[in-house]
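The values are calculated or read from the model by the stated rules, or taken from the named source; none is laboratory data. Computed from a predicted model, the values in this text were never measured in an experiment. FYI the Cβ positions are ideal-geometry reconstructions off the backbone, even for glycines, and counts take in every protein chain you see. The accessibility values were calculated without ligands, DNA or RNA, using every heavy atom of the protein model including side chains. Shrake-Rupley method; radii C 1.70, N 1.55, O 1.52, S 1.80 Å.
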Amino acid sequence: MISVAVICWLLLIHFIADFICQTEWMANNKSLALPPLILHVLVYGIVLMGAFTPVIGFVSATLFGTVNLVLHFCTDYVTSRVMRRLKEKENIRGFFQVLGIDQLIHGWCLVYTLWLFT
């Protein structure tokens, strides 16, 4: 069973990796081209691996980070493109609904894979 403290750590690291470590260039361009999206998910995966190596060990953290890197790519590939269209249409409510779905998917993936690799 995953402790509440580890889940809180997981959510904090996700926030740092997904928002703080994402540059403006990545955020503005990941819906338009693969290089910014690939760089974003590489940084995301590295941050996860680094933060979870002391918690679950190097091998498990590497698997955890790599799987989440791929899942994050798949999710952001779709949601960033939908969010761009909604923003262009000035549908701010829809934009934030998709952002919420994006974060929910990331959260589910993170908790499930952490459970799987620990």
### For the range 47-52, 3J(HN,Hα) per residue [Karplus equation, 6.51 cos²θ - 1.76 cosθ + 1.60, θ = phi - 60°, Hz, x = Gly/Pro]
4, 4, 4, x, 6, 9
### Message
Modelling each spin label as a point 7 Å along the Cα-to-Cβ direction, I'd like the PHE58/PHE96 distance in nm, to one decimal.
### Response
4.5 nm
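Roughly speaking, to the nearest percent, how much of the chain's 1.4 Å accessible area is carbon and sulfur?
Roughly 74 percent, rounded to a whole number.
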#### Entry: Solvent-accessible area per residue for the range 35-118 (1.4 angstrom probe, square angstrom)
56 Å²
#### Entry: Cleavage-rule hits, GluC sites (Glu not before Pro), the range 1-106, DSSP coil, Cβ neighbours within 10 Å at most 16
GLU90
### Summary
Rounded to two decimals, the Rg over Rh value of the chain from Cα coordinates and the Kirkwood Rh reads 0.99
### Task
Name the most mobile residue of ASN28, ASN91, ASN68, meaning the one with the largest mean-square fluctuation, in a Gaussian network model of the chain with Cα contacts below 10 Å.
ASN91
#### Entry: In degrees, nearest ten, helix 92-116 long axis to first principal axis of the chain (Cα)
20 degrees
### Query
How many nm is it between the label spots at THR23 and ARG85, if each spot is 7 Å from the Cα in line with the beta carbon?
2.9 nm
